[in-house]
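Each remark here refers to the structure printed beneath this line.
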Amino acid sequence: MLRSLACLPANVWKRNRVSILARVCSGVCMNRCKVGQYTYIGRNAILNGAVIGNYCSIAPGVQIGGMEHSYWWYSTSRRLSDQCVDDKTTTVGHDVWIGAGAVLRQGVTVGDGAIIGALSFVNKDVPENTVCFGIPAKVHCRRLPESIFHRLAASQYWGLSTRQARRLLREIEAECRISGAAKHDGAQRGWED
Ligand SMILES: CC(C)(COP(=O)(O)OP(=O)(O)OC[C@H]1O[C@@H](n2cnc3c(N)ncnc32)[C@H](O)[C@@H]1OP(=O)(O)O)[C@@H](O)C(=O)NCCC(=O)NCCS
């Protein structure tokens, strides 16, 4: 907790609402953001006008939000143009993993439990429980079987402490009888409900 606080200059904490339970690495720039508990933000990420849920993992070099310069007008320069757009909120749900170097355009929404691949360009909303990547990012597959994801979402584990959430996830895992092999061998693509 203290490590997280120590990494950021005081003015960053003033301009943003960051949970004291979040972990924010050095070199992160944030402006007008809200960051939920137990979320990790890797080095040199840049976040503008973003609302980030709980238990998210944001890799180094990710960029979320940021100005849309007025290419439709005579100048793209903020110094000359009043038409640059910097007012849309970018929303990232709970337990989302965003791979290194991904760019999320201002105003998109990423659903709970989604995964964004490294170096993706996300210019459209990303549905919950999906794996998306590419330029532009497209849905590659569902992350978990819908029935399991709905069970997880209904439990609202992301609102709990790590200890409670871990216990709950283990209980749900036992209930759903997911085998260890199925979880780790990349067989998600073949999930059937
Ligand atoms: C998105 C991701 C989770 C998918 O992992 P996976 O399910 O194991 O996917 P695979 O490696 O089996 O790849 C499946 C296909 O998608 C492609 N692919 C995977 N990730 C991609 C990405 N980020 N961009 C473009 N294509 C990608 C693969 O090349 C492969 O294509 P092919 O079938 O034509 O060979 C992973 O590729 C990724 O980007 N992880 C982020 C890693 C990272 O940034 N770590 C930083 C620390 S948090």
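Residues that are over 22 Å from Arg23 (Cβ atoms), at pLDDT 95 or above and of a type outside the set (Gly, Ala, Ser): does the stretch 46-63 have at least one?
no
If you take just the strands (runs of 3 or more DSSP E) that sit entirely in the stretch 82-179, which of them hold at least 3 residues that are over 11 Å from the mean Cα position of the chain (by Cα) and within 16 Å of the ligand (Cβ to nearest atom)?
Per the criteria, 130-133, 138-142.
This table checks each residue for (1) touching a His at 6+ places or on another chain (Cβ under 7 Å); (2) within 29 Å of Ala154 (Cα to Cα); (3) among the hydrophobic types (A, V, I, L, M, F, W, C).
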| site | (1), (2), (3) |
| --- | --- |
| Gly53 | yes, yes, no |
| Gln63 | no, no, no |
| Gly66 | no, no, no |
| Thr76 | yes, no, no |
| Leu119 | no, no, yes |
| Cys132 | yes, yes, yes |
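Is one or more of the residues making up the stretch 101-121 in contact (Cβ under 8 Å) with a residue 60 or more places away in the chain, touching a Phe, Trp or Tyr at 6+ places or on another chain (Cβ under 9 Å) and not hydroxyl-bearing (Ser, Thr, Tyr)?
Checking the stretch 101-121: not a single residue is in contact (Cβ under 8 Å) with a residue 60 or more places away in the chain, touching a Phe, Trp or Tyr at 6+ places or on another chain (Cβ under 9 Å) and not hydroxyl-bearing (Ser, Thr, Tyr).
For the stretch 122-134, name all the residues that are crowded, with 16+ Cβ neighbours inside 10 Å and closer than 15 Å to Gly65 by Cα.
Selection gives Val122, Val126.
The values are calculated or read from the model by the stated rules, or taken from the named source; none is laboratory data. Quantities reported herein were computed from a predicted structural model and do not represent experimental measurements. Glycine gets a Cβ as well: all are built from the backbone with ideal geometry, and neighbour counts include every protein chain shown.
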